[in-house]
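What follows is one structure encoded as structure tokens, with my remarks underneath.
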Amino acid sequence: MAEPALPANGAPRELAALDLGSNSFHLIVAQESGGHLQTLDKIREMVRLAEGLDDRQRLTATASHRALACLERFGQRLRHLRRENVRVVGTNALRKAHDSEAFIESAEQALGHRVEIISGREEARLIYLGVSHDLEDNHDRRLVIDIGGGSTELILGRHFQPEVMESLYIGCVAQSQQCFADGAITRRAFKTAINHCLRELEAVRSQYTESAWDVAIGASGTVLAAADVLAGLQNGEANGIRPAGVADLIDRLIEAKRLDQIDLPGLSPERRAVFPGGVAVLAAVIESLNIKFLEVSQGALREGLLQDLLGRVHHQDIRDATVRNLMDRYHVDAAHAKRVRDTALALLAQVAVSWRLQAAEQRLLLAWAADLHEIGMDIAHNQYHKHGGYLLAHMDMPGFSRLDQSQLGTLVRLHRRKFAVEDEALPMVKGAILRLTALLRLAVILHRSRSSDPLPHVAIEADGGQMVVTLFKEWLAKHPLTKLDLKEEARYLQASSLSLKVKAR
């Protein structure tokens, strides 16, 4: 399917964010013009993906079919949008699922867009961004709490900048499954659920109780549902949640005795099954962090995704800032990295059409890999490419999905030395990633001397798996080590599906 036409300069464009949560899938579509967003559509379906994880953390067929049916419907709204204007992210349930690859492939087909799995801390960052844009930008230091289906995020920050972020494996679906699975609601079950959450919170509690914050804000399904119920019970007077209100909710749920007997104002029938578990998490968070009043925000992950997407559209990509911060933190030689980056991108420009490497994300990935290819040197020069690959694959990197980090780590891990067949990273090095790796390797070789002198023109042609690089004969004669490295590179590439031929002119 052809990409929709680009909007004219200044013309409104549609941006969309889809949150594949552990309990519900949330889609928001907004029109952007001049940096401002106006919501066009909000669609939510309760899918309960986390309920569909079996004892081996595999998605059941029933859960997959239910989720994909939802995504087929959402796909009708998204397919006509340009790829760079849509972000789809999976959270805790898909992070935990051991066999998510087939589901993600089917989800991408249903939506017509890429699905990213994000880390817990990246989820926390985006939640904070969404909540912050929902509120006035004041000088209050904020504690933001988001209770989802499979995880709970706690974020401390000021303005639009998060400072402390944690993601805990406690959520409304998980706690409901553990403590209310038989449908009975008892005080003992509540005590068990709350104590379990308190134990999880204990490890991070001091980070939040010892840090001064001015306002506590709750977001997402459980908090919004609890606030709606309390507003109904108090004739619309409540504008937030207090500890006494949560205690009242627990009493009323216990009085109901069973999940199917819950009858509370403002609580949708579809949320009944997971509401007691969510209230238990809420009670534990309020008790552990000594919260006297919890304000409620309509902003959450999906709104944060839209704001992040807006930054990318206007060339204010948080990922660029992340890369710059890592370069500073690990004392990367920025001048040398820029030379490698410029050469790698120049090589890419020559083969982009023949190798089908025309996507903006591929160009960005190669540029970031060049910027960070020496990040491992700050640990040790010996095997620094392995250190760098490991760091990039496993550290927290704001703005990056798990797949982005894995691919970036692979590019850095394999930017030099052998393509060892037994290397655990090699199986994923195929297609576009293999070709980007080859271009990065060539750029690093061409700048072996680390000289600031500009390179002569380097011509490269690619036909299938064959690369032909042409260099000036005089330059090669003056750089015998580079000439030797290129010859060795041709030998290294024999372990892959690529080949290299060097010509002199």
task: Quick one: go through the stretch 238-258 and flag any residue whose amide nitrogen is under 16 Å from the point 7 Å out along the Cα-to-Cβ line of LEU135.
output: 239-242
task: Along each of the three principal axes of the Cα atoms of the stretch 200-264, give the extent in whole Å, ordering the values from largest to smallest.
output: 40, 28, 20
- prompt: How big is the charge dipole of the chain about its Cα centre, in debye rounded to the nearest 20, if each Lys and Arg gets +1 on its Cβ and each Asp and Glu gets -1 on its Cβ?
  reply: 1840
field: Overall Cα dimensions of the stretch 137-273, principal axis frame, Å, largest first
entry: 44, 34, 23
query: What is the dipole size for the stretch 365-505, taken about its Cα centre, with +1 at each Lys and Arg Cβ and -1 at each Asp and Glu Cβ, in debye to the nearest 20?
result: 560
- request: With 5 Å bins from zero, work out the P(r) of the stretch 241-367 over every alpha carbon pair and list the percent per bin.
  value: 2, 8, 11, 12, 10, 9, 7, 7, 7, 8, 9, 6, 4, 1, 0
field: Cα-based helix-to-principal-axis angle, 187-202 vs the chain, degrees rounded to 10
entry: 30
query: lysines within cross-link reach of LYS42: Cα-Cα under 29 Å, excluding same-chain residues under 8 positions apart?
result: LYS96
message: Tell me the mean residue ellipticity at 222 nm calculated for the chain from its helices only (DSSP H runs of n ≥ 4, each -39500 (n - 2.57), averaged over every residue, nearest 500).
response: -14500 deg cm²/dmol
Net charge contributed by nearby residues that have their C-beta within less than 9 Å of GLN31 (K/R +1, D/E -1): -1
message: Taking only the Cα atoms of the stretch 322-366, how large is their convex hull per residue, in Å³?
response: 61
query: From the Cα gyration tensor of the stretch 4-149, with a ≥ b ≥ c the square roots of its eigenvalues, which class applies: rounded if a/c is under 1.5, or else prolate if a/b is larger than b/c, or else oblate?
result: oblate
- request: Please list, or write none, the lysines whose alpha carbon is within less than 21 Å of the alpha carbon of LYS292, excluding same-chain residues fewer than 8 places away.
  value: LYS191
- request: Identify all lysines with a Cα-Cα distance to LYS418 below 19 Å; exclude those on the same chain that are fewer than 8 residues away in sequence.
  value: LYS386, LYS430, LYS483, LYS487, LYS501
- prompt: So, with a 1.4 angstrom probe, what is the percent of accessible area on the chain that is carbon and sulfur?
  reply: 48
task: Under 10 Å from the Cβ of TYR330, count the other residues' Cβ atoms, weight Lys and Arg +1, Asp and Glu -1, and hand me the total.
output: -2
- prompt: Just going by the charge dipole of the stretch 432-477, with Lys and Arg at +1 and Asp and Glu at -1 on Cβ, which of LEU455, TRP475, ILE445 is farthest out on the positive end?
  reply: ILE445
task: Compute the semi-axes of the equivalent ellipsoid of the stretch 64-202, taking the square root of 5 times each eigenvalue of the Cα gyration tensor, and list them largest first in whole Å.
output: 29, 25, 12
- request: Evaluate E = 1/(1 + (r/R0)^6) for ALA477 and ASP342, where r is the Cβ-Cβ distance and R0 equals 30 Å; express this FRET efficiency to the nearest 0.05.
  value: 0.80
task: May I ask you to list the residues of the stretch 245-281 whose amide nitrogen lies under 15 Å from a point 7 Å from Cα along the Cα→beta-carbon direction of ASN195?
output: none
task: Any chance you could give the angle, 0 to 90 degrees and rounded to 10, that helix 334-351 forms with the longest Cα principal axis of the chain?
output: 80
task: Considering the options VAL246, VAL296, GLY112, tell which one lies farthest towards the positive end of the dipole of the chain, charges being +1 on Lys and Arg and -1 on Asp and Glu at the Cβ, about the Cα centre.
output: GLY112
message: From the phi angles alone, apply the Karplus equation (6.51, -1.76, 1.60; θ = phi - 60°) to the stretch 211-223 and give each ³J(HN,Hα) in whole Hz, x where the residue is Gly or Pro.
response: 9, 6, 9, 8, 8, 10, 10, x, 9, 6, x, 4, 5
task: Could you order peptides 47-59, 120-132, 161-173 by the average number of other Cβ atoms within 10 Å of their residues, highest first?
output: 120-132, 161-173, 47-59
- line: For the chain, using Cα atoms only, the Rg and Dmax in Å read 25.8, 88
field: Viscosity 1.567 mPa s, 4 °C: Kirkwood-radius Stokes-Einstein D of the stretch 353-406 over Cα pairs, µm²/s
entry: 106
- line: Taking every DSSP bridge whose two residues both lie in the chain, the antiparallel percent to the nearest 5 is 65
query: ILE379 label point, 7 Å along Cα→Cβ, cut-off 19 Å on backbone N: hits in the stretch 440-455?
result: none
- prompt: Cα centroids of the stretch 125-182 and the stretch 374-389: how far apart, whole angstrom?
  reply: 35
query: Just going by the charge dipole of the chain, with Lys and Arg at +1 and Asp and Glu at -1 on Cβ, which of LEU156, ALA212, ALA337 is farthest out on the positive end?
result: ALA337
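The values are calculated or read from the model by the stated rules, or taken from the named source; none is laboratory data. This structure is a prediction, so every number in the text was calculated from the model and none was measured. In this analysis, Cβ positions are derived from the backbone assuming ideal geometry, glycine residues included, and neighbour counts consider all displayed protein chains. Ligands, DNA and RNA are excluded from the accessible area calculation, which covers all protein heavy atoms including side chains. Shrake-Rupley method; radii C 1.70, N 1.55, O 1.52, S 1.80 Å.
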